[in-house]
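Contents: one structure, followed by commentary.
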Amino acid sequence: MNNLLVAGKIVSVEARHASVIADLLTPKTSAFAPQAFENAFSVGKVATAAQGFIVDKLAFSNAPTTFIQGPNNNG
Amino acid sequence: MHLTSATPASESTIQDEMDPAIIERLATRHEEIRRGASATSKLTAALALGSVPIALGALARDVYGQAPADVVDVLQFALLLEYLEAEFYTRGVASSGLIAAADMPIFTTIRDHENTHVMALKGLLTGKGASPDPKPDFDFTAKGALPGFTFAAGQYQTFLALAQAFEDTGVRAYKG
């Protein structure tokens, strides 16, 4: 499989996970999908947040620094 | 994208690197999770985790050739995030009395998916001639932002709040 195909196959399942968990927290509301376009963050911002859960320090020297523009782009 | 060896990151460094606008957005988001997690600014920062789909977005960009990224680095980062999720659910499912019994099938399913994602990403990396990074050590208290969180019985709401942080495909701009 090419990279994009793998990404799409993983992303769609992760979105199902997000949906069911949101519904456990706030049942039968719009929380399962609060908007039509998902937000997007840059890898750098995600990595910064992920660092909070990782004991060793991440090094980001080769991380992409720009990101596709689109609806709800917050990166 | 690599782990540097045994150099704990300070929380202040994490905070300094956060965009203030993101912190503000998370503060709103934090209201949404107040039922489950104790309120600290460090927690709101920690919950900025946008998760795997964001990293994978860079793969799509690479495919389109708009700004060639190091695909191996992106895959390693996606693997890191899948490790994080896989360990989180594995520990949660294994903890007696944490997850409500009626909800258990949901979380065993998610756990299995995350482990499968780990294997798939490892396979992609190996296929590109790279060695998958090993699983790092995780701190699910978010370095003290969730003091006392140990996957123990009675901590289900905190577990759910963390699960939401890990699964969301981005930080949502909740309209206060």
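Laboratory data are not the source of any read-out in this text; all were calculated from the coordinates shown. No experiment lies behind these values; they were computed from the predicted model shown. Glycine gets a Cβ as well: all are built from the backbone with ideal geometry, and neighbour counts include every protein chain shown.
Worth a mention:
- Cβ-Cβ FRET estimate between B:Lys135 and A:Lys28, R0 fixed at 30 Å, reported to 0.05: 0.25
- Violating pairs (Cα-Cα greater than 23 angstrom) within the set A:Lys45/B:Lys128; A:Lys9/B:Lys143; A:Lys57/B:Lys143; A:Lys57/B:Lys135; B:Lys122/B:Lys143: A:Lys45/B:Lys128; A:Lys9/B:Lys143; B:Lys122/B:Lys143
- When peptides B:103-114, B:123-134, B:71-82 are sorted by average Cβ neighbour count within 10 Å, with the highest value leading, the order is B:71-82, B:103-114, B:123-134.
- Calculated FRET efficiency for the pair B:Ala153/B:Met119, C-beta based, R₀ 25 Å, to 0.05: 0.25
- Peptide B:71-81 - average C-beta neighbours from other chains (10 Å radius): 4
- What the Cβ-Cβ distance of B:Asp112 and A:Phe37 gives, at R0 = 22 Å and to the nearest 0.05, is a FRET efficiency of 0.15.
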